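Here, each number is a calculation from the coordinates, and none is a lab measurement. What you see is a predicted model, and the numbers here were worked out from it, not measured in a lab. Glycine gets a Cβ as well: all are built from the backbone with ideal geometry, and neighbour counts include every protein chain shown.
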Amino acid sequence: MSQFERLTIDDIARLAEVSRTTASMVLNGNAERYRISAATVERVLQVARDHHFTPSQSARALRSRRSNTIGLVIPDLTNSAHAALAQAMEWQCRERYRYQLVIVTSDEDPVRETEGIAHLVAQQVDGVVVVPCTADAPRYDKWVKRLPIVFADRRVATSAIPYVITDAAETVAALVGETIEQGAREVVYFGGQPELSPSRDRLAGYRLALERHGMAEQSDWVFQRDYQRESGYALMKAWFEAHGRYPEALFAGSITLLEGLLEFVNEAHQLAQAPERVMTFDDHQLLDCLPLRIDAIVQDSGLLAEHSLRCVFSLLEGVGAPESIQVPAQIHYRQRRGQPART
């Protein structure tokens, strides 16, 4: 038996010396409607305050068919981009909608992701926002008849589920293109899982920059594994060992890949040797503290969260199928534009 006491509305009614119906009306905000006296209302509320009691959310959900909760499924809370999205969404749920956000993580594992969505559905959340970890549309499409579901940060090409993503291709093309314009003749790309939409979009932007500047992609320029820090380390180590030097310019497809490649550069050369120019997708304030000047593409987590929630509530209210949205990104320049990366 649990050592914890679970107070019920019957307990509150007994302590306040009122009927269960009266206690329920007071605690659910219906006292005025049923003309319950102010003295009785205060007595019930005081007992509830004294015992830190709140009405059962499950019971409210059964009555109203709403739980006032939204689920968020993200791959990894240690990833700063995902953490920023979760933070922005939690604030907007609470402050704008008076909803609570429930977060589960998938660890980029489709099985665990499906279990997480199933858990949220079982908890009767009113809608789910998912950062999908697979391109397998049927894994997600089976939920659309149960509750509103929206993709954020990533999309699934063969699914009709609406999505809110960053307009990555043009921003990557602009940043890599500027590097080429400043004289770079070798630009290496490290990316994540090729089946994921951010990987495809970021690589498309990189290749668009090469095409626009008449530069042919070389066989040892593009490498993709996943978005784990360990992969950034392994890719940088392998490239350095194969060439005996660092590439002239390097674009990392995520902040986690950047962390890994910088770990190798620091371990091998204490950052004294490095690519002449380093660029990354996603930003972090710690990059301001490095001796390397790293330009970063900044996603707008606030807008991603805002539009994702707007899609969820549009579906929830039945006002029509929301359109998918691409949110613009910005570039945080640390390297002075128009100047060589290092001298």
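Between VAL265, SER254, LEU210, the Cα set farthest toward the positive side of the dipole of the chain (charges on each charged residue's Cβ, about the Cα centre) is that of SER254.
Among beta bridges identified by DSSP and lying wholly in the chain, the antiparallel ones come to about 10 percent.
Screening the chain for whole DSSP H helices with an alpha carbon extent of at least 15 angstrom along the helix axis and a mean Kyte-Doolittle hydropathy of at least 0.5 yields 168-181, 255-269, 301-317.
Among MET279, MET25, a tally of other beta-carbon atoms within 10 Å of each Cβ gives an order, fewest to most, of MET25, MET279. Label 7 Å along Cα→Cβ of ALA157; segment 196-212 residues with amide nitrogen under 15 Å? From segment 196-212, the list is 196-205. If the segment from GLU95 to HIS52 were pulled out straight at 0.36 nm per residue, it would be longer than the present Cα-Cα gap by 13.2 nm.
Note on the chain: with a GNM built from Cα contacts shorter than 10 Å, the maximum mean-square fluctuation among GLY192, GLY116, GLY244 falls on GLY244. Set the Cα radius of gyration of segment 168-300 against 2.2 N^0.38 Å, with N its number of residues, and you get 0.95. Hey, how many Å between the Cα centroid of segment 280-301 and the Cα centroid of segment 237-261? What the calculation gives is 16 Å, centre to centre. Taking every alpha-carbon pair in the chain and binning the separations at 20 Å intervals from zero gives 27, 43, 21, 8, 0 percent. Computing FRET efficiency as 1/(1 + (r/R0)^6) for GLU17 and GLN123, where r is the C-beta to C-beta distance and R0 is 35 Å, gives about 0.50.
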